[in-house]
Amino acid sequence: MAREDNRRNRRDRDETPEFADRLVAINRVSKTVKGGKRFGFAALVVVGDQKGRVGFGKGKAKEVPEAIRKATEQAKRQMIRVPLREGRTLHHDIEGRHGAGKVVMRSAPAGTGIIAGGPMRAVFEMLGVQDVVSKSIGSQNPYNMIRATMDGLMKESSPRMVAQRRGKKVSDILPKAHDAAPAAPSENAEA
C-alpha cells in the first residue's frame, strides 16, 4: 500500500504545472474511405520551464485536444538542459541542422529581445532566452526548424563545461579584462 502511495505522489509531482507549453503547428490530414473522409490531426508542441530546459513533441489523434495532450507528454519526456549566459542569452554563436533545415543562432546584448521566426521563437520563449538573434536558412517546415534548433542548442557549451573538459579553471578559459583592452600605442612607434 505504501509503495502505491509513493508512486502516486511521484506521478503527481511529475505533473505539476512547472512547465509552460506552446502549440507550434496543427496539421489536419484526411483519409478517404467508402463512406466519405476520416480526419486526423497532428500537433507539434514545445514545452519548457523558462529556466534552461526545453523539449518538443508531436502527437497524432482523431481529435485536436488528444493530439496536443500526446505531443505535450512526449515533449516533457524529451527535455534537454541548455546552459544560458546570465540566464538570458546563449554563450556563443551556434549552427544547427536537420535534413534540409539549417538555423543560425547568435548571442545578443541585453535589450535585443528574441529575433526569430515562428517555431524558433517558441523554442526560445519556452527555454527562457530573452536576447537572441537567429535566422532559419533552408527548410521552412516547422518540424525541421525545431529539430535544427534543438540540434544547435545541444551543441551549446558553457565556460564551466569547457573548463571541466580541459581540466582547467573557468578563469583560465575566459578572456581577462586587461587582455581585451587594446594596447596603448607606445611613443617609440612614431619614431
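Values as computed for the structure displayed
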| quantity | calculated |
| --- | --- |
| Some residue of the stretch 171-190 being at pLDDT 90 or above, assigned to a helix (DSSP H, G or I) and either touching a strand residue (DSSP E or B) at 6+ places or on another chain (Cβ under 8 Å) or hydrophobic (A, V, I, L, M, F, W, C) (or both) | no |
| When residues of the stretch 140-165 are limited to those that are in contact with a Pro (Cβ under 8 Å, 6 or more places away or on another chain) and in a loop (DSSP other than H, G, I, E, B), the one nearest to His98 (Cα to Cα) | Glu156 |
| Count - residues of the stretch 80-110 that are in contact with an Asp or Glu (Cβ under 8 Å, 6 or more places away or on another chain) and not polar (S, T, N, Q) | 18 |
| Any chance Gly40 is under 30 Å from Ser158 (Cβ atoms), in a strand (DSSP E or B) and without any contact (Cβ under 8 Å) to a residue 40 or more places away in the chain | no |
| Per-region count, the stretch 96-140, residues loosely packed, with under 15 Cβ neighbours inside 10 Å and charged (D, E, K, R) | 1 |
| Condition met for Arg77 (basic (Lys, Arg) and surrounded by fewer than 15 Cβ atoms within 10 Å (Cβ to Cβ)) | yes |
| Matching entry among Arg160, Arg106 (being of a type in the set (D, E, K, R), modelled with pLDDT of 90 or more and within 18 Å of Pro83 (Cα to Cα)) | Arg106 |
| Listing of strands (runs of 3 or more DSSP E) fully contained in the stretch 48-139 that carry 1 or more residues being of a type in the set (A, V, I, L, M, F, W, C), more than 14 Å from Glu156 (Cα to Cα) and within 14 Å of the chain's Cα centre (by Cα) | 53-61, 132-138 |
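The values are calculated or read from the model by the stated rules, or taken from the named source; none is laboratory data. Computed from a predicted model, the values in this text were never measured in an experiment. All Cβ positions, even for glycine, are placed from backbone atoms using ideal geometry, and neighbour counts span all protein chains on display.
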